Amino acid sequence: MNPEALLLIDLQNDFLPTGALPVPGGDQVLPIANALMPRFTQVFATQDWHPANHASFAANHPGKKPGDLIDLDGLPQILWTAHCVANSPGADFAPALDRSRISRIVRKGSDPRVDSYSGFFDNGHRHATSLDADLRARNISSLYILGLATDYCVKFTALDARQLGYTVHLVLDGCRGVNLQTGDVDAAIEEMRRAGVLITTSADIPTSPR
Ligand code: VGL
Ligand code: ZN
């Protein structure tokens, strides 16, 4: 059988409750990631990896504040507090994450002009990361996805994976969301479900290595 991969989304310091762009309860998914990694032969991890002049940072738009919505080259863009600046401590993986088990790291969001919630493409779907090619090279056609944040990077990664033809399992207890608006996380889960994403929990993933 083709190997299945575990895909860890943005388990980085700035998304923890103590970080620059805190995701409530974000630290609670780290033990779940650690417990699941030994069950997979292939563990991929994404990192949000922005330059300091990134267009998603409110500080780079005079008069704007975090949470504001702008038009960025024709795409709607929510402005965020500066986060995950490349090579800064905030962009590092959470110390509690067992990074020794990560087989491949994919960085995204490095183009200052466009955001990249998905691990596969920028938000305009103009440029691809290496993720799809890396998975294909290993004959991986089924993904188990968890991480931060449910309503942004997890959702966009899962939807792109479905569009690319992968079987996608969302590990629900391994995800936490931002919920900028009440109900965003629930709506994101429903959108993924409608796209054919299979919703599961870590307890339902068998312990034998896959
Ligand atoms: C994310 C907002 C901005 C995420 C990244 O990882 O979900 N959210 N950049
Ligand atoms: Zn970001």
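The values are calculated or read from the model by the stated rules, or taken from the named source; none is laboratory data. The structure displayed is predicted, hence computed values, not measured ones. We place every Cβ from the backbone using ideal geometry, glycine too, and count neighbours over all the protein chains shown. Surface areas here come from the heavy atoms of the whole protein model, side chains and all, with no ligands, DNA or RNA. Shrake-Rupley method; radii C 1.70, N 1.55, O 1.52, S 1.80 Å.
For the reader, a short list of remarks on this structure follows.
- When segment 81-105 is filtered for residues that are farther than 24 Å from residue 35 by Cβ and either in a loop (DSSP other than H, G, I, E, B) or within 13 Å of ligand 2 (Cβ to nearest atom) (or both), the ones remaining, listed by number, are 81, 82, 83, 84, 85, 86, 87, 88, 90, 91.
- Looking only at segment 131-152, residues that are under 12 Å from residue 7 (Cα atoms) and either among the basic types (Lys, Arg) or under 8 Å from the mean Cα position of the chain (by Cα) (or both) come to 3 in all.
Yes or no, residue by residue, for (1) closer than 24 Å to residue 138 by Cβ; (2) open to solvent by less than 50 Å² (accessible area, probe 1.4 Å):
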{"residue": "61", "(1), (2)": "no, yes"}
{"residue": "73", "(1), (2)": "no, no"}
{"residue": "77", "(1), (2)": "no, yes"}
{"residue": "80", "(1), (2)": "no, yes"}
{"residue": "87", "(1), (2)": "no, no"}
{"residue": "96", "(1), (2)": "no, no"}
{"residue": "103", "(1), (2)": "yes, no"}
{"residue": "106", "(1), (2)": "yes, yes"}
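- Cβ-Cβ under 6 Å pairs, at least 6 apart or on other chains, segment 76-98 side more than 10 Å from ligand 1 (Cβ to nearest atom), far side of a type in the set (Asp, Glu) and assigned to a helix (DSSP H, G or I): 90/14
- Residue match in segment 40-52 (condition: exposed (fewer than 15 other Cβ atoms within 10 Å of the Cβ), part of a loop (DSSP other than H, G, I, E, B) and more than 14 Å from ligand 1 (Cβ to nearest atom)): yes
- Of all residues in segment 67-80, those satisfying the criterion of being part of a loop (DSSP other than H, G, I, E, B) and farther than 9 Å from residue 56 by Cα are 67, 68, 73, 74.
- Candidates 52, 33, 59, filtered to the one that is under 18 Å from the mean Cα position of the chain (by Cα) and among the small types (Gly, Ala, Ser): 33
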